[in-house]
Amino acid sequence: MNHLSFSFTSDGSKTLFNSEVGEHYHSQNGALQESQHVFVKSGLDFIIQKDQKKTISILEVGFGTGLNFLLSADYCESNSIKLSYTGIEAFPLESEIISQTSYHQYVPPSIWQQFIANYKDAAGKSVEISNNCKLEISHSKLMDFSSKNQFDVIYFDAFAAAYQPEMWTLNSLSHACAFLKEGGVFVTYAITGDLKRNMKSLGFSIEKAPGAAGKREMLRAIKLIP
Ligand SMILES: C[S@@+](CC[C@H](N)C(=O)[O-])C[C@H]1O[C@@H](n2cnc3c(N)ncnc32)[C@H](O)[C@@H]1O
């Protein structure tokens, strides 16, 4: 995996740079901060507070290093919420790379150890990370992903549209959002006119939420009941 290299972001957490895509896996203004703010706080915590949920299912587009999963698992463990997490990843990272992220420092040792121990086994099947938390990683492209499950939350963490425009088309968004429950929440770090128009046309109410460090706004969208 010569096209991958680590670098430090502004909050001291690491990210990966993919030289084939020309893009980082996280915001250079803080990988940890972005993951906490965009996905855990604005997506997961938002729906837990809104709907007073005790069980939650999350679908992530672009599983990558698993940082969003680790922080979500920690949040759910701390709040006694049952988590069922599915990641979609077209180019899965080797576990040796995951081990070098140093993300162990952001979660309790048990979550990190169970994640590392079960990362390979989670490919295509659900594995227990703790009594309250299950993980499955679908090694497929978004457009090839299918599931009988409907999810409460979508974390849309694709590479930016400037680098991977095909992930942000109406077709791709429509495919991902077909797996979201009515009333479910879609969050992503980006917000553009095209994205807002596409999400509205898919039957979502859209909201400009405050962005992560270095970004004024991000998109949160709720799937309306037709
Ligand atoms: C911005 S990074 C995601 C970072 C990740 N959430 C993390 O915390 O490390 C985008 C991810 O999307 C993956 N990807 C690229 N094309 C994809 C596709 N067609 N379907 C699913 N995943 C894809 C990349 O391999 C990469 O892991």
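Take the alpha carbon gyration tensor of the range 54-145, find the square roots of its eigenvalues, order them as a ≥ b ≥ c, and report rounded if a/c is under 1.5; if not, report prolate when a/b exceeds b/c, else oblate. Oblate, because a/c is 1.5 or more while a/b does not exceed b/c.
Positive-end ranking of PRO226, PHE46, PHE179 along the dipole of the chain, with charges on Cβ about the Cα centre, is headed by PRO226.
About its Cα centre, what dipole magnitude does the range 71-226 give when the only charges are +1 on Lys and Arg Cβ and -1 on Asp and Glu Cβ, stated in debye to the nearest 20? Please report the intermediate quantities before stating the final value.
Numbers: 15 positive and 16 negative charges, 120 e Å.
About 580 debye.
A dipole drawn for the range 29-223 from +1 and -1 charges on Cβ atoms has a positive end, and of ALA160, SER138, MET199 the residue lying farthest that way is MET199.
Could you compute the FRET efficiency for GLN150 and GLU128, with r as their C-beta to C-beta distance and R0 at 22 Å, rounded to 0.05? Write out the running numbers ahead of the final one.
Values: r = 21 Å, r/R0 = 0.97.
Rounded to the nearest 0.05, the efficiency is 0.55.
Contact order normalised by length for the range 86-172, with contacts defined as Cα pairs under 8 Å and 6 or more residues apart; what percent is it?
Value for the range 86-172: 31 percent.
Sparsely packed loop sites in the range 1-74 (the GluC sites (Glu not before Pro) outside DSSP H, G, I, E and B with at most 15 other Cβ atoms within 10 Å) comprise GLU20.
Only helices enter the 222 nm calculation for the chain: every DSSP H run of n ≥ 4 contributes -39,500 (n - 2.57), and dividing by all residues gives -6500 deg cm²/dmol, rounded to 500.
Which percentage, to the nearest 5, of the DSSP beta bridges contained in the range 29-223 is antiparallel? Percentage antiparallel, nearest 5: 40.
Simple spin-label estimate for SER205 and HIS139 gives 4.2 nm between the two label positions (7 Å along the Cα-to-Cβ direction from each Cα).
For HIS26, what charge total do you get from the other residues with a beta carbon under 14 Å from its beta carbon, if Lys and Arg give +1 and Asp and Glu give -1?
On the way: positive: LYS14, LYS215; negative: ASP11, GLU23, GLU34, GLU60, ASP157.
That sum, taken over residues with Cβ under 14 Å, equals -3.
Between GLN36, GLN49, GLN164, the residue with the greatest mean-square fluctuation in the GNM of the chain (Cα pairs under 10 Å linked by springs) is GLN49.
Give, in nm to one decimal, the length gained when the segment between LYS215 and ARG197 is fully stretched (0.36 nm per residue of separation minus the Cα-Cα distance).
Details: separation 18, 0.36 × 18 = 6.48 nm, distance 1.98 nm.
Extra length from LYS215 to ARG197 when fully extended: 4.5 nm.
The mean sequence separation of alpha-carbon pairs under 8 Å and at least six residues apart, normalised by the residue count of the chain, gives a relative contact order of 19 percent. VAL21 to LYS120: FRET efficiency via 1/(1 + (r/R0)^6), r the Cβ-Cβ distance, R0 25 Å, to the nearest 0.05? Between VAL21 and LYS120 the formula returns 0.60.
Could you please tell me the mean projected area of the C-alpha convex hull for the chain, averaged over all directions and given in square nanometres to one decimal? Working shown, then result.
Details: hull surface 44.8 nm².
With the hull built on Cα positions only, its mean projection is 11.2 nm².
Each of LEU4, SER57, GLN33 was placed along the dipole of the chain (beta-carbon charges, centred on the mean Cα), and the one lying farthest toward the positive end is SER57.
For the pair the range 152-217 and the range 51-90, the centres of their Cα atoms are 18 angstrom apart.
Each Lys or Arg adds one and each Asp or Glu takes one away; over the other residues whose Cβ falls under 14 Å from the Cβ of TYR163, this sums to -4. Note on SER95 and GLN113: their simple-model spin labels are 1.5 nm apart, each label 7 Å out from Cα toward Cβ.
Run the numbers for SER5 and GLU166: contour at 0.36 nm per residue of separation, minus the present Cα-Cα distance, in nm.
Numbers: separation 161, 0.36 × 161 = 57.96 nm, distance 2.40 nm.
55.6 nm is the gain from fully extending SER5 to GLU166.
Only the coordinates and a few stated rules stand behind these numbers; no lab work does. Owing to the predicted nature of the structure, the values given are computational and were not obtained by experimental measurement. Neighbour counts are summed over all protein chains in view; Cβ atoms, including those assigned to glycine, are modelled from backbone coordinates with ideal geometry.
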